[in-house]
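One structure, as structure tokens, below. Some questions next.
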Amino acid sequence: MAGKSRTEIIRIIIAILLVCVAIVIASLTVGRDIYNGSRNEGLLSFAIVNACGYLFFLFMPVEVAFAYYLQGDISVLALNAVAIGTALFSQAIDYVIGLLVSNRFIDNLIGRGRYEKAKANIAKYGNLTIFAFNALPLSSPVISLAAGMIRHDIRKTLLCTILGLLVKYITLTLIF
């Protein structure tokens, strides 16, 4: 790894470890349900995948998992409630991490550029950014992290998160 700084090497190692964690989580939950051919008991599996997918340091296809579980025998209302509840819980954790963790640590984990872009969007568009990133399949966990780092009002952050998640999951339910 000639020419790479120590920070870049650490960032690469962390990224590889986090990808491995995401793969293990997906394999032990959704993967198990696929191999067993049963989605009936999969609400817990979905909850784990969705909660992990909304943590800023794990990238998992939560919308794909949601669409997959919609095809099963799980109540649509229960699936939506779990999706919104676990996403809100994880994003609240992201917000608190943003409050408590140093900028240097965040820089090493996700990179200064992603954080600065999220921070600029919140500064420019405020609550609309939080709503839009949650309503669309964008990186809403990074927005929650940035909101915590800049000390954006937590009530407004959570309200916009809930509203955006409602729009996203109702839309996905209607499409799939």
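The values are calculated or read from the model by the stated rules, or taken from the named source; none is laboratory data. All values reported here derive from a predicted model rather than from experimental measurement. Using ideal geometry, Cβ is built from the backbone for each residue, glycine included, and neighbour counts are taken over all protein chains shown.
Being touching a residue at least 60 places away in the same chain (Cβ under 8 Å) and either closer than 30 Å to Leu17 by Cβ or part of a helix (DSSP H, G or I) (or both) is true for just one of Ala78, Ala120, Ala92, Ala146. Which residue is that?
Residue meeting the stated conditions: Ala92.
Moving on to the next point. Scan the stretch 65-88 for residues that are loosely packed, with under 15 Cβ neighbours inside 10 Å and either closer than 24 Å to Gly148 by Cα or of a type outside the set (Asp, Glu) (or both) and jot them down.
Matches in the stretch 65-88: Ala67, Gln71, Ser75, Val76, Leu77, Ala78, Ala81.
Quick test for you: out of Ile34, Ile9, pick the one residue that is hydrophobic (A, V, I, L, M, F, W, C) and either at pLDDT 70 or above or on the phi > 0 side of the Ramachandran plot (or both).
Of the residues listed, the single one that is hydrophobic (A, V, I, L, M, F, W, C) and either at pLDDT 70 or above or on the phi > 0 side of the Ramachandran plot (or both) is Ile9.
Further, regarding this structure: As an exercise: evaluate His152 against (1) more than 18 Å from the chain's Cα centre (by Cα); (2) at pLDDT below 90; (3) surrounded by 14 or more Cβ atoms within 10 Å (Cβ to Cβ) and give the number of the one condition it does not meet.
Going through (1) more than 18 Å from the chain's Cα centre (by Cα); (2) at pLDDT below 90; (3) surrounded by 14 or more Cβ atoms within 10 Å (Cβ to Cβ) one by one, His152 breaks only (2).
Table: residues versus (1) touching a helix residue (DSSP H, G or I) at 6+ places or on another chain (Cβ under 9 Å); (2) among the hydroxyl-bearing types (Ser, Thr, Tyr); (3) surrounded by 14 or more Cβ atoms within 10 Å (Cβ to Cβ).
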position: Ile97; (1), (2), (3): yes, no, yes
position: Asn103; (1), (2), (3): yes, no, no
position: Arg112; (1), (2), (3): yes, no, no
position: Glu116; (1), (2), (3): yes, no, no
position: Gly126; (1), (2), (3): yes, no, yes
position: Ile130; (1), (2), (3): yes, no, yes
position: Pro137; (1), (2), (3): yes, no, no
position: Thr161; (1), (2), (3): yes, yes, yes
position: Thr171; (1), (2), (3): yes, yes, no
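Looking at the stretch 100-114, can you tell me whether even one residue there is more than 24 Å from Ile13 (Cα to Cα) and either in a loop (DSSP other than H, G, I, E, B) or of a type outside the set (Asp, Glu) (or both)?
No.
Right, next: I'm trying to understand the selection: among the residues of the stretch 37-46, which are at pLDDT 65 or above and surrounded by 19 or more Cβ atoms within 10 Å (Cβ to Cβ)?
Answer for the stretch 37-46, where residues must be at pLDDT 65 or above and surrounded by 19 or more Cβ atoms within 10 Å (Cβ to Cβ): Gly42, Ser45, Phe46.
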